[in-house]
Amino acid sequence: MPNFQKIIESVYNETCNLPDIGKVATYIPELAEISSEKYGIHLLDIDKNEFSFGDTQERFSIQSISKVLTLSMAMSLIGKEVWQRIDVEPSGDPFNHLSLLEQENGIPRNPLINAGAIVIADILVSQLKNPKEEFLEFVRNLAGDQTIKYDEKVALSEKRTGYKNYAAANLLKSYGNLQNDVIKVLDFYFHQCSLSMNCAQLCDTFYLFINEGRCKNNHKHLDKGLIKRINALMLTCGFYDEAGEFAFRVGLPGKSGVGGGIVALLPNKFCVTTWSPGLNKKGNSTRGMAALEKLTSESELSIF
Ligand code: DON
């Protein structure tokens, strides 16, 4: 394996002072408070060695990164039944886009755009007795960390202002692709997005995606076949209308969130998380994308 500590430090220094580090998301008011100067890179390799630089211990809102975790839980509960209600094609559209949903009769393009994640939330609300508590427990078990929590302020902030998500959920309902009450499903969705974690915790949580479904504590949570499919979806759909660009520049499956986090991974090798809240126009972290491009170039490690 390459010298990851040296690589992440050089990548950090090369990308820290980009001429334009992007803008912090403001459409969720609570996220607008975060400094765009924050920056951390953390890497966990398959042998559980950790390499870290910058603000990697400070928790942030994982936002859409949570969509991979709810999808994992839904697939572990109902398997391929999920695909009766959601497709697996990249959308080529922004994460909160609505017109495709109408054109395609309420079947979201994939589970990583908002409409798809809302259907997954609906599945979990139907399947679980105490959805928020049980999903939190699922994430804590993947990470081996009982301190992971929702950030109620962030959840409430989005509950008050998430107009596009209300629109998406209502459209889904009108097409018969939402079984539960809109408010109840979105309450779950806003909470999953509000999960607050640091770079190191995100690498721990995503370790099972590089280790054939076994988490860092060696418990088997998902079958190898499910991991293959979830990693494929991260590669093709994890960055919305920038998924092609991410595959082209970085060459790894990954998932971004508007809190400025990105998790990316190379199966059987490593998982890496970057956090820098400045976003580009497509809602993905500017420094994070640049850092991951340099990391895969300098280490000569990518799926290609
Ligand atoms: O639903 C939303 O708009 C946010 N809770 C999550 C969006 C998000 O993170 C998109 N990612 N880049």
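Assorted remarks:
- Each Cα pair under 8 Å and six or more residues apart adds its sequence gap; the mean of these over the residue count of the chain is a relative contact order of 28 percent.
- Within the listed set 196, 285, 99, the residue fluctuating most in the Gaussian network model of the chain (springs between alpha-carbon atoms under 10 angstrom) is 99.
- Projected label distance in nm at residue 181 and residue 81, using a 7 Å step from Cα toward the beta-carbon: 2.3 nm
- Solvent-accessible heavy-atom area per residue, rounded to whole Å², over the range 215-297 at 1.4 Å: 32 Å²
- Under 18 Å from the residue 93 label point (7 Å along Cα→beta-carbon), backbone N, the range 161-188: 163-178
- If you wrap the tightest convex hull around every Cα atom of the chain and split its volume per residue, you get 111 Å³.
- Of all accessible heavy-atom area on the chain, the percent that carbon and sulfur account for (1.4 Å): 48 percent
- Considering only 274, 21, 108, and ranking their Cα positions along the charge dipole of the chain that arises from unit charges at the beta-carbon of Lys, Arg, Asp and Glu, the one farthest toward the positive end is 108.
- Approximate spin-label separation residue 33-residue 245, in nm, with each point projected 7 Å along Cα-to-Cβ: 3.0 nm
- Accessible area expressed per residue, the range 60-127, with surrounding protein chains retained (probe 1.4 Å, Å²): 33 Å²
- Between residue 132 and residue 149, the modelled label-to-label distance comes to 1.3 nm, taking each label 7 Å out from Cα in the direction of the beta carbon.
- When the Cα positions of 31, 63, 74 are compared along the charge dipole of the range 24-80, 74 comes out farthest toward the positive end, with charges on each C-beta of Lys, Arg, Asp and Glu.
- Set of lysines with alpha-carbon distance to residue 281 below 27 Å, sequence-local pairs under 8 removed: 23, 38, 67, 153, 159, 164, 255, 294
- Its DSSP H runs of at least 4 residues, each contributing -39,500 (n - 2.57), put the calculated 222 nm mean residue ellipticity of the chain at -13500 deg cm²/dmol, to the nearest 500.
- Under the Karplus curve 6.51 cos²θ - 1.76 cosθ + 1.60, θ = phi - 60°, whole-Hz ³J(HN,Hα) for the range 99-116, x wherever Gly or Pro sits: 5, 4, 4, 6, 4, 9, 6, x, 9, x, 4, 7, x, 9, 7, 4, 4, x
- Across 254, 22, 116, mean-square fluctuation computed from a Gaussian network of the chain (C-alpha pairs under 10 Å connected) peaks at 22.
- Net charge dipole, the chain: roughly 440 debye, given to the nearest 20, about the Cα centre with Cβ charges of +1 for Lys and Arg and -1 for Asp and Glu.
- Segments 255-262, 169-176 sorted - mean Cβ within 10 Å per residue, highest first: 255-262, 169-176
- Max mean-square fluctuation residue, GNM over the chain, Cα-Cα springs under 10 Å, options 103, 127, 201: 103
The values are calculated or read from the model by the stated rules, or taken from the named source; none is laboratory data. What you see is a predicted model; the values in this text were computed from it and never measured. Every residue, glycine as well, gets a Cβ built from its backbone with ideal geometry; the counts of neighbours run over all protein chains shown. Protein only, heavy atoms only, side chains kept; ligands, DNA and RNA dropped before computing areas. Shrake-Rupley method; radii C 1.70, N 1.55, O 1.52, S 1.80 Å.
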